[in-house]
Amino acid sequence: MAYTNKAYANAVRDGMFNTDDVPEHVAREIREYEAAIYQHCQIIMRMQRNEFSDRDFADTMIEYSEGAIDNMVCAVRELREKQKESIKSAALSHNDDRRKVAECAA
């Protein structure tokens, strides 16, 4: 029985887990989140089996893992937003520096 988390599937479709456009340290963190998400998907698939006599407990673990995956997707989204802000801030700082140099030269 395959399991697909909707939030993760949408994030993958939107390119949030593509690491081609981020610095290596950010890419490494995204890959770690993705590995953890994969582990939670494995837990969910295991807990969905009928071998567990305590269905309430198994269902609780499924809910926990689904919530964890959703939270990690949000964490990756926030990480990418921070990266974009960092790039934007660096560009603004660079433009301010160029303006100051131009003013000094004038």
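Assorted remarks:
- Within the stretch 6-53, considering residues that are farther than 21 Å from Gln83 by Cα, among the charged types (D, E, K, R) and loosely packed, with under 12 Cβ neighbours inside 10 Å, the one nearest to the chain's Cα centre (by Cα): Lys6
- Of the residues making up the stretch 63-79, none is surrounded by 14 or more Cβ atoms within 10 Å (Cβ to Cβ) and touching a Pro at 6+ places or on another chain (Cβ under 8 Å).
- Every residue from the stretch 6-25 that is among the β-branched types (Val, Ile, Thr) and either part of a loop (DSSP other than H, G, I, E, B) or modelled with pLDDT under 95 (or both): Thr19, Val22
Condition check ((1) in contact (Cβ under 8 Å) with a residue 60 or more places away in the chain; (2) part of a helix (DSSP H, G or I)) across all residues:
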{"position": "Tyr33", "(1), (2)": "no, yes"}
{"position": "Asn50", "(1), (2)": "no, no"}
{"position": "Phe57", "(1), (2)": "no, yes"}
{"position": "Met61", "(1), (2)": "no, yes"}
{"position": "Tyr64", "(1), (2)": "no, yes"}
{"position": "Val76", "(1), (2)": "yes, yes"}
{"position": "Lys84", "(1), (2)": "no, yes"}
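- When Tyr3 is tested against the conditions (1) at pLDDT 95 or above; (2) surrounded by 14 or more Cβ atoms within 10 Å (Cβ to Cβ), the lone failure is (1).
The values are calculated or read from the model by the stated rules, or taken from the named source; none is laboratory data. Note that the structure is predicted; figures quoted are calculated from it, not measured. In this analysis, Cβ positions are derived from the backbone assuming ideal geometry, glycine residues included, and neighbour counts consider all displayed protein chains.
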